[in-house]
Amino acid sequence: MDVLDNDFDVVLEGGLVLFYPVSQSAGEWAADELRDATRWGDAYVVEYRYAAPIVQDLVSHAYTLTLVGYAHNVALAGERP
């Protein structure tokens, strides 16, 4: 796996955290495990307070995450940063 490869891009948007599955396996995991999350474009959106357990679960399953950062206007438009 290349150093730049990752399974999820993560964007912080105020009190929300957007998880963008990048890899196919990440998309399958998210569709199953985050099925109750709100969808915004390609992202699964959760409240900030629920993000830590999700990240812990992802790490325990050896998924990699990249914190993309804060994307106020981009995330609100539903577009991928």
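The values are calculated or read from the model by the stated rules, or taken from the named source; none is laboratory data. As the structure is a prediction and not an experimental result, all values here were calculated from the model. Positions of Cβ are backbone-derived with ideal geometry, glycine not excepted, and every protein chain shown enters the neighbour counts.
List the number of the failed condition for Ala30; all other conditions in (1) out of contact with any Pro (no Cβ under 7 Å at 6 or more places or on another chain); (2) at pLDDT 90 or above; (3) of a type in the set (A, V, I, L, M) hold. Checking Ala30 against (1) out of contact with any Pro (no Cβ under 7 Å at 6 or more places or on another chain); (2) at pLDDT 90 or above; (3) of a type in the set (A, V, I, L, M), the one that fails is (1).
Can you pull out every residue in segment 48-72 that is assigned to a strand (DSSP E or B) and either within 11 Å of the chain's Cα centre (by Cα) or over 13 Å from Val10 (Cα atoms) (or both)? Correct list: Leu65, Thr66, Leu67, Val68. Only one of the numbered conditions (1) assigned to a loop (DSSP other than H, G, I, E, B); (2) touching a residue at least 60 places away in the same chain (Cβ under 8 Å) is violated by Asp9, and that is (1). The single condition from (1) at pLDDT 95 or above; (2) of a type outside the set (Val, Ile, Thr); (3) in a strand (DSSP E or B); (4) surrounded by 15 or more Cβ atoms within 10 Å (Cβ to Cβ) that Arg39 fails is (4).
Looking at segment 20-40, I want the residues that are closer than 20 Å to Val68 by Cα and have a partner that is in a loop (DSSP other than H, G, I, E, B) and basic (Lys, Arg) with Cβ atoms under 7 Å, at least 6 apart or on another chain. Which pairs are those? So the pair list comes out as Tyr20/Arg80.
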